[in-house]
Amino acid sequence: MTRRMTRRTTQRGRQGGAVAAAVLLLGTAAACAAPGRNHTPGAEPDRPPHGAARPPAAGTGAPERGFTLVASGDVLPHDSVIGRANADAGGRGYDFRPMLAGVRPVVSRADVAICHMETVYGANGGPYTGYPAFKSPPEVAAALGDTGYDSCSTASNHSLDDGAAGVRRTLDALDRAGVRHVGSARSAAEAARPALMTAGGARVAQLAYTYDTNGIPLPDGQPWAVRGIDERRIVADARAARAAGADVVVVSLHWGTEWQTAPDARQLDLGRRLTAARTGGRPDIDLILGTHAHVPQAYEKVNGTWIVYGMGDQIAGSMVNHEGAEDPRGNQGSIGRFTFAPPAAPGARWRVTKAEFVPQWMDTGAGRVVALPEALRRSPGRADYREAQAAITKAVLSRGAAADGLRMGR
């Protein structure tokens, strides 16, 4: 079913400095982590559970080995997507795992895997709705966990589509699935914590923010419910996470202009400013991951730090652009994969030694997400695969990232 995404680009600075101040309460890994797979409240957070043993936390004196991090774009279940998941469950409930099976090998092999859950979940049993006010089946969360995702950004323009109840149901379901989350919150204390993971001896903190919530005000008495984009707050939160022990700080931003392949002026300016922020000569932010535009956008190394302006959609129904035409770009996206190496000297940053992108495509006819390089290896005659991969690659490399070493992965 075709759905139109409306243009909403208003920036609002909200929530004051409450989040930045609250993050200073972080102290230990247990305090930083959202409940994760096999996580016991008060215990050290688990390593991404892809079948390997959890590495020692940073600072324990154990050897550091580096790690890989993957990230993907918007999970946006339109009515047609919900219907496909119901069919995949044999008409009894909803199963989104077959939809994501094509990218599971890419996601599950990473040490840290990050998704973007754009919509909120409805109550068990429904009703569930697509555009314009989304209420998705909570079974999405179980599929994300089964695919191998460790953490999801949940700050988006749809975060308040069902008010505080939608936020609560979404985070409850992600907790049950063992997927960490950041960007929306059920309490001020939760809003003060980044998602924290350990990999390769490093503590990895994820922060998340959105440009707006489609004009829906924050719930009464809950100014912390969704994190809005504010440069000073983001930098303060990143510095607080670093001071609390994070070795790598990843910032997820729901930003940009829908249906615009080129990053807009706000993205370019904020990206430059955030990557320029430093403490003691060390960058405060190690990676920026963008969502929202619904089309693949460029990767670029700015001030020595990688920015993915927009990863495009991972899951979405057929998309109609602002001109009223069905636009195949709305089902194109990329998975970013970054290999981090331990610091060369005490106090130095963890370095990205390998940067890759994996083109992916939501085949709306089949209701499946396709990892295109592997799919083309198996089916080299598929013209639709070749066309999608070429379009994604052109967008991803449009700001010269190849010169800085970005390569297509598989």
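Things to note:
- Mean shadow area of segment 93-159, taken as a quarter of the surface of its Cα convex hull (nm²): 4.6
- Under the simplified labelling scheme, the residue 190-residue 344 pair shows an inter-label distance of 4.2 nm, with each label point 7 Å from Cα along Cα→Cβ.
- Compared with the alpha-carbon gap, the fully stretched path from residue 232 to residue 363 is longer by 43.2 nm at 0.36 nm per residue.
- Size of electric dipole in segment 19-408: Cβ of Lys, Arg +1 and of Asp, Glu -1, about Cα centre, debye, nearest 20: 1200
- Shape call, segment 19-408: gyration tensor on alpha carbons, a/c limit 1.5: rounded
- In terms of packing, defined here as the mean over residues of other Cβ atoms within 10 angstrom, the peptides 270-282, 221-233, 306-318, 359-371 line up highest first as 306-318, 359-371, 221-233, 270-282.
- Inter-centroid distance (Cα atoms) of segment 354-410 relative to segment 168-204, Å: 30
- Sorted by Cβ neighbour density within 10 Å, fewest at the top, the residues 198, 129: 129, 198
- What the phi angles of segment 66-74 give under the Karplus curve with 6.51, -1.76 and 1.60, with θ = phi - 60°, is a coupling list of x, 7, 10, 10, 10, 8, 9, x, 5 Hz, glycine and proline written as x.
- Inter-site label distance for residue 382 and residue 79 at 7 Å from Cα along Cβ, in nm: 2.8
- For 160, 397, order by how many other beta-carbon atoms lie within 10 Å, fewest first: 397, 160
- Of the beta bridges in segment 19-408, as assigned by DSSP with both residues counted there, near 50 percent are antiparallel.
FYI, it's all coordinate maths here, none of it is from the lab. On a predicted model such as this, the values are computed, not experimentally measured, just so you know. With ideal geometry, Cβ positions are generated from the backbone for all residues, glycine too; neighbour counts draw on all protein chains shown.
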